[in-house]
Amino acid sequence: NWLSFSDEMHNQGVESINHSIKVSWVNADEDVALSLGIEQEKRVLRLERLRGTGTGPFVYFISYFHPRVGFTGKEDFSRHLYEIMEQDYHTIPSISREKISAVSAKAEIAKKLGLKKGDAVLFRKRIVCDPGNRPVEYNLGYYRGDSFTYEIDIRR
């Protein structure tokens, strides 16, 4: 099972806060279009959130949403994202396909996370689907390498 970022952090005893939230409408590039199963250049909502604790940010998320979700861009994204999707738009995030890698922080990411260019960052690329296996969110997550560990329990 997987949880939202907020729920994951809460379960670890960490209360996360939003350091910044930016909402914009963009034309889907090739990567976004392929990930969401839409045509390139289609307008999609882009949500950027810099999250962490009171001592500073440790993760930067960029999310793109399939137009079928129905977001307007006027939502209160300080609320839990999946709560908004479920309660306000009757869209249930149920499947998460993730790719995780270690990368060097580019200048923009390093600045947002309070790192030096080239510092270690855990990069997670995720496609979230509804129960019908239809993509609803394409998410890019950049985690400070010195303050985040990704743990997986696997049963045989």
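The values are calculated or read from the model by the stated rules, or taken from the named source; none is laboratory data. These numbers were taken from a predicted model, which means no experiment stands behind them. Every residue, glycine as well, gets a Cβ built from its backbone with ideal geometry; the counts of neighbours run over all protein chains shown. The accessibility values were calculated without ligands, DNA or RNA, using every heavy atom of the protein model including side chains. Shrake-Rupley method; radii C 1.70, N 1.55, O 1.52, S 1.80 Å.
Tabulated data
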read-out	value
Condition met for ARG134 (touching a Gly at 6+ places or on another chain (Cβ under 7 Å) and among the basic types (Lys, Arg))	no
Top-ranked residue in region 104-119 [being in contact (Cβ under 8 Å) with a residue 24 or more places away in the chain and among the aliphatic types (A, V, I, L, M); ranked as farthest from ASP146 (Cα to Cα)]	ILE109
Only listed residue being at pLDDT 95 or above, assigned to a strand (DSSP E or B) and more than 13 Å from the chain's Cα centre (by Cα), chosen from VAL136, VAL121, VAL128	VAL121
In region 43-83, residue least open to solvent (accessible area, probe 1.4 Å) [restricted to those that are touching a residue at least 60 places away in the same chain (Cβ under 8 Å) and in a loop (DSSP other than H, G, I, E, B)]	HIS66
Single residue of region 22-35 satisfying the filter (surrounded by 14 or more Cβ atoms within 10 Å (Cβ to Cβ) and either within 14 Å of the chain's Cα centre (by Cα) or modelled with pLDDT under 75 (or both)) that is nearest to PRO93 (Cα to Cα)	SER35
Tally, over region 103-120, of residues that are open to solvent by 60 Å² or more (accessible area, probe 1.4 Å) and touching a Leu at 6+ places or on another chain (Cβ under 6 Å)	1
Every residue from region 84-99 that is open to solvent by 70 Å² or more (accessible area, probe 1.4 Å) and closer than 18 Å to LEU122 by Cβ	ARG97, LYS99
Filter pass, ASP146 being surrounded by fewer than 20 Cβ atoms within 10 Å (Cβ to Cβ) and either outside any loop (DSSP other than H, G, I, E, B) or hydroxyl-bearing (Ser, Thr, Tyr) (or both)	no
